[in-house]
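The values are calculated or read from the model by the stated rules, or taken from the named source; none is laboratory data. Quick caveat: nothing in here was measured; it's all calculated off a predicted structure. Note: ideal-geometry Cβ built from the backbone for every residue, glycine included; neighbour counts use all protein chains shown.
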Amino acid sequence: MSARTPATGPAHRSGFACFVGRPNAGKSTLTNALVGQKVAITSNRPQTTRHTVRGIVHRPEAQLVLVDTPGLHKPRTLLGERLNDVVRSTWAEVDVIGFCLPADQKLGPGDTYIARELAEVRKTPKVAVVTKTDLVDSKALAGQLLAVDKLGRELGIEWAEIVPVSAVSGEQVGLLADLLIPLLPEGPALYPEGDLTDEPELVMVAELIREAALEGVRDELPHSIAVVVEEMAPREGRPADRPLVDIHANLYIERPSQKGIIIGPKGARLKEVGMKSRHHIEALLGTPVFLDLHVKVAKDWQRDPKQLRRLGF
C-alpha cells in the first residue's frame with residue numbers, strides 16, 4: 001500500500017522525534033502540550049523523567065511519535081549513568097532531535113556538554129527549541145535565539161530550525177509540530193488513531209504517584225523516590241455501571257529518615273499524595289480508583305544494581 005493518501009495529495013509521514021536538554025528544560029511539559037494531554041510527568045524538580053515516554057501526535061497528513069528522555073547530565077550514581085545511556089541510545093534511533101533550551105536561563109556548561117554530544121550525531125536533523133518563552137520579554141528572547149544560533153555554529157551543528165515556544169501558554173506549539181513533521185520519513189501511521197502513548201498503564205500510574213510525591217518535598221528527595229505498583233485490578237462483585245479499580249503501590253526511599261518527610265505529620269502528606277495522584281489516575285483510566293499507598297525503605301537503591309533492576313531501571 002502506498003504512503004500517499006489521496007491519489008495526488010502529499011505523502012503521509014510518520015516517525016520519531018525526541019527532545020533532549022539539561023534537566024528541567026521543559027521537555028516533558030512540551031511533550032504534553034504537543035500531544036494535548038498529560039503523558040509525561042512534569043515537576044519543577046530536575047531529573048523527574050526516568051522512563052522513555054512516547055507521546056503520539058495525530059495529524060491527517062502525519063503521525064509524530066515523541067520520545068521523552070531523561071535530561072542528560074554528568075552522572076553521580078549508577079542510576080545517573082543508566083539514564084544517560086537511555087538518552088544516547090534514543091538519539092541513534094529517532095528521525096529528528098529537538099534540543100530544548102530554556103529562554104529564561106543563560107546558556108551554560110550543561111547546554112554546551114549536550115550540544116557537543118549532539119554534534120557527534122551526524123545524520124539526524126536537529127531543531128533547537130527555545131522553551132519557556134512566556135517567562136521573558138522580547139529583547140531577552142532575541143538574545144537567547146542569537147546565542148543558540150552561535151552555539152550551533154561554534155560546534156558545527158546546522159540547526160534545521162530554531163523555534164521559540166511556550167508549552168504553558170501554547171504559543172507556537174502547533175508551529176513546532178508543523179516544522180518537525182517534514183523532517184520525518186514517508187510512511188503509514190505507526191499507532192492506531194486515538195492512541196496517545198504506548199506507555200503501559202501500570203508504568204503511567206506509578207509515574208503519576210511519583211509526581212504527586214515530588215511536589216513540595218525537600219531538594220534532596222526527588223532522586224530518592226521510586227514507585228512500584230504491586231497490584232492493579234478491577235474490584236470483583238461491583239455492578240457494571242459502578243466499577244472500581246484497586247491499586248496497591250509502594251513508594252521506596254533510600255533512608256529511614258526520609259520516611260517522615262514523605263508521610264508528613266500524622267500521615268497528612270501521604271494522604272495528600274494519594275488524593276492528588278488518585279485524581280490524575282482516575283482521569284487516565286476513566287474509572288473510580290481505590291488507592292492504597294505504603295512507604296518503604298530500600299537502602300541506597302540508586303547505587304545498587306540488584307535494587308535498580310527490582311525497581312524497574
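Please go through the stretch 107-125 and give me each residue that is in contact with a strand residue (DSSP E or B) (Cβ under 8 Å, 6 or more places away or on another chain) and either of a type in the set (A, V, I, L, M, F, W, C) or under 19 Å from ALA167 (Cα atoms) (or both), ordered by number.
Of everything in the stretch 107-125, those that are in contact with a strand residue (DSSP E or B) (Cβ under 8 Å, 6 or more places away or on another chain) and either of a type in the set (A, V, I, L, M, F, W, C) or under 19 Å from ALA167 (Cα atoms) (or both) turn out to be LEU107, ILE114, ALA115, LEU118, VAL121.
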| said: One residue is enough: does the stretch 149-156 have a residue meeting the conditions of a type in the set (A, V, I, L, M, F, W, C), buried (at least 18 other Cβ atoms within 10 Å of the Cβ), at pLDDT 90 or above and out of contact with any strand residue (DSSP E or B) (no Cβ under 7 Å at 6 or more places or on another chain)? | reply: yes
| remark: Contact list, first residue from the stretch 230-249 and under 14 Å from HIS294 (Cβ atoms), second anywhere and among the polar types (S, T, N, Q) and part of a strand (DSSP E or B), beta-carbon distance below 9 Å, six or more apart or interchain, is GLU230/ASN250
| query | Any residue at all in the stretch 158-175 that is within 12 Å of LEU30 (Cα to Cα) and either in a helix (DSSP H, G or I) or not assigned by TED's automatic domain parsing to the domain that holds GLU93 (or both)? | reply | yes
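Can you tell me which residue among GLU254, GLU272 is at pLDDT 85 or above and either acidic (Asp, Glu) or out of contact with any helix residue (DSSP H, G or I) (no Cβ under 9 Å at 6 or more places or on another chain) (or both)? Step through it out loud before you land on a result.
Working: GLU254 fails: at pLDDT 85 or above.
Only one candidate qualifies: GLU272.
In this structure, is VAL130 in the same structural domain as PRO23 (by TED's automatic domain parsing), crowded, with 17+ Cβ neighbours inside 10 Å and in contact with a Gly (Cβ under 9 Å, 6 or more places away or on another chain)?
Values: in the same structural domain as PRO23 (by TED's automatic domain parsing): yes; crowded, with 17+ Cβ neighbours inside 10 Å: yes; in contact with a Gly (Cβ under 9 Å, 6 or more places away or on another chain): no.
When the stated conditions are applied, VAL130 does not pass them.
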| query | Looking only at the stretch 281-308, which residues are modelled with pLDDT under 85 and either closer than 14 Å to ALA249 by Cβ or of a type in the set (A, V, I, L, M) (or both)? | reply | ILE281, ALA283, LEU284, LEU285, VAL297, ALA298, LEU308
